[in-house]
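Worksheet: the structure to be examined is printed underneath.
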Amino acid sequence: GKGGGGAAGDEDGAAARIAALGRDDAALLELLETIREFAAAPDCAPAKKMPSGLNGFQRAMVHQYCEELCVREETRGEEPDRAIWLYKVGEGANESAAERFKRELSELIKEKNTAPEQEDEVRLGVPGWKDRYYDAKFPGVDDAGRREVAAAYVEGLQWVMRYYYDGCASWKWFYPYHYAPFAADLAAAIDPGQPADFELARPFRPFEQLMGVLPPRSAHALPEPLAQLMTDPGSEIADFYPEDFALDLNGKKFLWQAVVLLPFIDEARLVDAMGERLRKLSEDERRRNSVGEPVLFLSDAHPLCAPLVASYGPPPAPLVLTSCTEHSASVAGTLTPLPGAPLPGGLCEPPPFCGIEVAKALRPFTTSAAGATFTLPPPAKHVPQLLPGLVPPSPLLGACDAPCESKRYVRARGRGPPGGYGGKGGGKGGFGGHGGGGRDLGYRRLEGDRAPVDEQAVLDAIARRAAARQAREFQAADQIRAQLLAGGVEVDDRTKTWCVRDARLAAGPVSPPPGYYSPSSASPSSPPHPYAGRSPPHPGGGGGGGRENTHVRFGGEG
């Protein structure tokens, strides 16, 4: 009947689509068409349930499709019935007034934070990209200046390492550029024989720190004499707080991701400008601008509270806590009693209230805690070594996983024998490989498939296709899939299985497309099957003079 013919036509169309695109891409196209059809439906269209059982990648693509087509989606249910539902975004029956308000507000905020697309001045990958990058991001910097940029960045790496292992190496050091150099320039700037020499200096006081980080619109958070330095156009440091400044998206989309091109604060000028005005501060403001000591408060239920109360005397004496102290409670340091501080059960008098909502002011209360200043133990040099008696676990990596080290850098390479993602390729492509066993990506032959085929060659081809997809060389990955299909092999990425669909193609000789195998390695009369004992196609250059980019060849070394 007509209905049966239509169903058969749909099945034929689906089969043709799978044959042309592969099962995974055909499934994605079907999801896209479903969402596109729903997006074109009227606003009153009922919600639509997407197929359940989607894998993580398919769900992520559904979310992306919905965002691009302005379709609202929601995940409902639990596995195995968990599914994505599609809803109309509009003034239809599926959107309440509250939901519409939230959506429109979200769209408005997104629009306000989305900047016009900027022209890509660098064009990474196009010859001359390095010079264009430095010309755009470091105008006026010559070759010597580039070396200074890299040296400053290497200093920053050392500052971070020392900060985490030995404490702050310098309170005044900062990276004096808005952008980073390239890794190759960093490698050239690293000199293990000349470590950075930092000047410790002193940390900023609280108001100095706020003057260095707050924008003029937040000047009200500072005392009035200092706030004027930020808001007065005639201030001697007014150039620190420009009203107009550039934003460089630097390849990003939203304004909050942009590089803010503000001038760097000159510490000496800032401190000099604040000097005279600090004398105008009130006593309380001077106290706020001082550097105090950390204070540790202990509840009367804490095991350290009783020893701390006893240290108040008379006479008062510091309480030293070490790892050997009976009541250390895993705390090491020195607790020094606070003069005049109330002890548990005493009356605590809050400071005078200066706010507007007087009803919320704190009242005198009976405290149930004791406090003391806390001082850390004397710092010791950090020694990066394993603890005595440590039994390390068995290594998971073998000799074939070791990188190939060069003088200045570690050269990326394959996993060596057996095969895998390449290694000893002779061409210039990025993934040229040495034939072999390949990496186990979890793909298994479909149970019950017994057709004769070189299984290792198929697994190698699957591994190289995965490498191409990971490198976003989709054209090369499609070529490998097409060659697998031409050889009678079909791969299902969803179930990670493969099988021989046409044993005649898998067993018989096949002439691969030009450039896909070495003519010198094939018989002129009957070229061998592309997977018969040779390395499968692979993106990048092949061994023995293999071609570049997406052109691959069937050679023993390629």
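The values are calculated or read from the model by the stated rules, or taken from the named source; none is laboratory data. The structure displayed is predicted, hence computed values, not measured ones. When we count neighbours, we look across all protein chains shown, and the Cβ atoms used for this are built from the backbone with ideal geometry, even at glycine. The protein model used for the area step is the full one, side chains on, heavy atoms only, and it has no ligands, DNA or RNA in it. Shrake-Rupley method; radii C 1.70, N 1.55, O 1.52, S 1.80 Å.
How large is the charge dipole for segment 128-276, taken about the Cα centre, if only the Cβ atoms of Lys, Arg (+1) and Asp, Glu (-1) carry charge, to the nearest 20 debye? Please list the in-between numbers first.
Working: 13 positive and 23 negative charges, 138 e Å.
That gives segment 128-276 a dipole magnitude of about 660 debye.
Could you order the peptides 222-229, 274-281 from most to least packed, using the average number of other C-beta atoms within 10 Å per residue? Let's see the in-between values first.
Values: 222-229: 17.8, 274-281: 13.1.
Going from most to least packed, we get 222-229, 274-281.
Treating only the Cβ of Lys, Arg, Asp and Glu as charged (+1, +1, -1, -1), what charge dipole size does segment 195-297 show about its Cα centre? Round to the nearest 20 debye.
Magnitude of the dipole: close to 380 debye.
At a 10 angstrom cut-off on C-beta neighbours, averaged per residue, how do the peptides 394-400, 464-470, 194-200, 366-372 rank from highest to lowest?
Working: 394-400: 7.6, 464-470: 22.0, 194-200: 11.6, 366-372: 18.1.
Final packing ranking: 464-470, 366-372, 194-200, 394-400.
Would you please classify the overall shape of segment 248-389 from the alpha carbon gyration tensor, given that a ≥ b ≥ c denote the square roots of the eigenvalues, rounded means a/c under 1.5, and beyond that prolate means a/b larger than b/c while oblate covers the rest?
Working: a/c = 2.04, a/b = 1.29, b/c = 1.58.
Because a/c hits 1.5 or more and a/b fails to exceed b/c, segment 248-389 counts as oblate.
Ranking request for peptides 64-76, 475-487: highest mean number of other beta-carbon atoms within 10 Å first, then the rest in descending order. The partial results should precede the final answer.
Values: 64-76: 14.9, 475-487: 20.5.
The peptides rank, most packed first, as 475-487, 64-76.
What do you reckon, how do CYS44, CYS348, CYS305, CYS354 stack up by accessible area (1.4 Å probe), largest on top? Could the numbers behind the result be given before it?
Working: CYS44 95, CYS348 35, CYS305 5, CYS354 130 Å².
So, going from the largest accessible area down, we get CYS354, CYS44, CYS348, CYS305.
What list of ³J(HN,Hα) couplings, whole Hz, do you get for segment 229-246 from phi and the Karplus terms 6.51, -1.76, 1.60, once you set θ to phi - 60° and write x for glycine and proline?
Result, ordered by residue: 4, 8, 9, 7, x, x, 5, 5, 10, 4, 5, 6, 10, x, 7, 10, 8, 8 Hz.
What's the FRET efficiency of HIS302 with PHE198 using the Cβ-Cβ distance as r and R₀ = 30 Å, to the nearest 0.05? Kindly include the intermediate steps, with their values, before the conclusion.
Numbers: r = 39 Å, r/R0 = 1.31.
The value I calculate is 0.15.
Let me make sure I get this right: for segment 276-317, a, b and c are the square roots of the gyration tensor eigenvalues over alpha carbons, sorted descending. Under 1.5 in a/c it's rounded, otherwise prolate if a/b > b/c, else oblate. Which is it?
Values: a/c = 4.82, a/b = 2.80, b/c = 1.72.
Judged from the Cα gyration tensor, segment 276-317 comes out prolate (a/c at least 1.5, a/b above b/c).
How many angstrom lie between the Cα centre of segment 140-163 and the Cα centre of segment 235-289?
One Cα centre to the other: 24 Å.
If the cut-off is 16 Å between C-alpha atoms, which aspartates and glutamates fall inside it for LYS253, apart from same-chain ones fewer than 8 positions away?
Partners found: GLU67, GLU68, GLU107, GLU111, GLU117, GLU119, ASP120, GLU121.
Measure off, as a whole percent, the carbon and sulfur share of the 1.4 Å-probe accessible area of segment 264-372, all protein chains present.
Details: 4410 of 7360 Å².
The computed percentage sits at 60.
Rounding to the nearest 20 debye, state how big the charge dipole of segment 268-383 is about its Cα centre with +1 on each Lys and Arg Cβ and -1 on each Asp and Glu Cβ. Before the final figure, lay out the partial values.
Values: 10 positive and 10 negative charges, 79 e Å.
Computed about the Cα centre, the dipole is about 380 debye.
By its C-alpha gyration tensor, with a ≥ b ≥ c as the square roots of the eigenvalues, how is segment 58-190 shaped: rounded for a/c under 1.5, else prolate for a/b larger than b/c, else oblate?
Working: a/c = 2.77, a/b = 2.17, b/c = 1.28.
Prolate, since a/c reaches 1.5 and a/b exceeds b/c.
What ³J(HN,Hα) values, in whole Hz, does the Karplus curve 6.51 cos²θ - 1.76 cosθ + 1.60 give for segment 124-137 when θ = phi - 60°, with x put for Gly and Pro?
So the Karplus estimates, Gly and Pro as x, are 4, x, 8, x, x, 4, 5, 5, 5, 4, 5, 5, 7, 8 Hz.
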